[in-house]
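Encoded as structure tokens, the structure appears first; notes follow it.
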Amino acid sequence: TKSKFDNLYGCRESLADGIKRATDIMIAGKVVVVAGFGDVGKGCADSMKGLGARVIVTEIDPICALQAAMEGYQVTTMEEAVKQGDIFVTTTGCCDIICIEHMEKMKNDAIVCNIGHFDIEIQVEALNKYPGVQKTVIKPQVDKYTFPDGHNILLLAEGRLVNLGCATGHPSFVMSNSFTNQVLAQIELYNNKYEVGIYTLPKKLDEEVAYLHLDKLGVKLTKLSQKQASYLSLPMEGPYKPEHYRY
């Protein structure tokens, strides 16, 4: 109830919010390059696709790459995607995803932003030190870089998280999932006197987080009968999935 909601559904809304507030660009018809297809990347790609963009995904993981392809996205390298993209979004949590060599080859007025990690996903330092590049502040958190050959790129939020730098982050409802996780985890740690270590939130508490948010959305939950619970070898009140299950 953190990564599958905050990361996916939160980014699905706040990415578009950040880009729109910063640039007022129309996304429909544009080519958007999403670097990474984890939970954040999935939400971002879905968001851009829903607004009418053609989405290209870059990935290192063959499983995530196959997922992206099965969702209908073109999957290629950044070296190839850089020739086509109008908007670039990094979502990986890794460094050097968009390098200065990529920015040199981008279309004029390409938009570059990050929603994955700190400002190391885009080589911002190298961009600022690039020989002959001219930086123009369009407005707070929107900077235009003009390369010696005359082409420009627009960098949002200085390469930091665009949904926080150019907007106000995720909607409060999805953040409630994440914060409820933290509260229930603290109560669990206090009540059960865990040894010092790192623990995964128990599945029962993960389900409780989701359960607490259902009523607000008008969800009516189906209940297992005793016969059904016995057939599945599950307790009637849950948890309903093994600890290793990935939703």
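The values are calculated or read from the model by the stated rules, or taken from the named source; none is laboratory data. Treat the numbers as computed from the prediction; the structure is a model and nothing was measured. Positions of Cβ are backbone-derived with ideal geometry, glycine not excepted, and every protein chain shown enters the neighbour counts.
List pairs: first in segment 175-190 and closer than 15 Å to Ala210 by Cβ, second among the small types (Gly, Ala, Ser), Cβ under 9 Å, 6+ apart or cross-chain?
Filtered contacts from segment 175-190: Met175/Gly10; Met175/Gly169; Asn177/Gly10; Asn177/Ala210; Ser178/Gly10.
Being among the small types (Gly, Ala, Ser) and crowded, with 24+ Cβ neighbours inside 10 Å is the filter here, so list the residues in segment 11-42 that pass it. Full working, then the answer.
Our first condition is that a residue be among the small types (Gly, Ala, Ser); within segment 11-42, this holds for 14, 16, 18, 22, 28-29, 35-36, 38, 41.
Within segment 11-42, Ser14, Gly18, Ala35, Gly36, Gly41 qualify.
Could you check segment 182-199 and list, in sequence order, the residues that are surrounded by fewer than 10 Cβ atoms within 10 Å (Cβ to Cβ) and either of a type outside the set (Ser, Thr, Tyr) or under 28 Å from the mean Cα position of the chain (by Cα) (or both)?
At the first step, the residues of segment 182-199 found to be surrounded by fewer than 10 Cβ atoms within 10 Å (Cβ to Cβ) are 190-193, 195-198.
If the condition is that a residue be surrounded by fewer than 10 Cβ atoms within 10 Å (Cβ to Cβ) and either of a type outside the set (Ser, Thr, Tyr) or under 28 Å from the mean Cα position of the chain (by Cα) (or both), then Asn191, Asn192, Lys193, Glu195, Val196, Gly197, Ile198 are the ones that fit.
Are there helices (runs of 4 or more DSSP H) fully within segment 144-247 with at least 2 residues that are in contact with a Leu (Cβ under 8 Å, 6 or more places away or on another chain)? List them. Talk me through it step by step, then tell me what you get.
Numbers: elements: 162-165, 172-192, 203-212, 226-232.
Here the list reads 162-165, 172-192, 203-212.
Does His151 fit the bill of being at pLDDT 95 or above and surrounded by 20 or more Cβ atoms within 10 Å (Cβ to Cβ)? Break it down stepwise before answering.
Working: at pLDDT 95 or above: yes; surrounded by 20 or more Cβ atoms within 10 Å (Cβ to Cβ): no.
Taking the combined requirement at face value, the residue does not satisfy it.
Do we have any residue at all in segment 95-103 that's assigned by TED's automatic domain parsing to the domain that holds Asn152 and in contact with a Lys or Arg (Cβ under 8 Å, 6 or more places away or on another chain)?
Within segment 95-103, the first condition is being assigned by TED's automatic domain parsing to the domain that holds Asn152, and the residues that meet it are 95-103.
Within this subset, residues satisfying the condition of being in contact with a Lys or Arg (Cβ under 8 Å, 6 or more places away or on another chain) are none.
The answer is no, given that none of the residues of segment 95-103 is assigned by TED's automatic domain parsing to the domain that holds Asn152 and in contact with a Lys or Arg (Cβ under 8 Å, 6 or more places away or on another chain).
Kindly indicate which of Ala126, Ala69 is out of contact with any helix residue (DSSP H, G or I) (no Cβ under 9 Å at 6 or more places or on another chain), loosely packed, with under 15 Cβ neighbours inside 10 Å and in the same structural domain as Cys11 (by TED's automatic domain parsing). First the steps, then the outcome.
Numbers: Ala126 fails: out of contact with any helix residue (DSSP H, G or I) (no Cβ under 9 Å at 6 or more places or on another chain).
The unique qualifying residue is Ala69.
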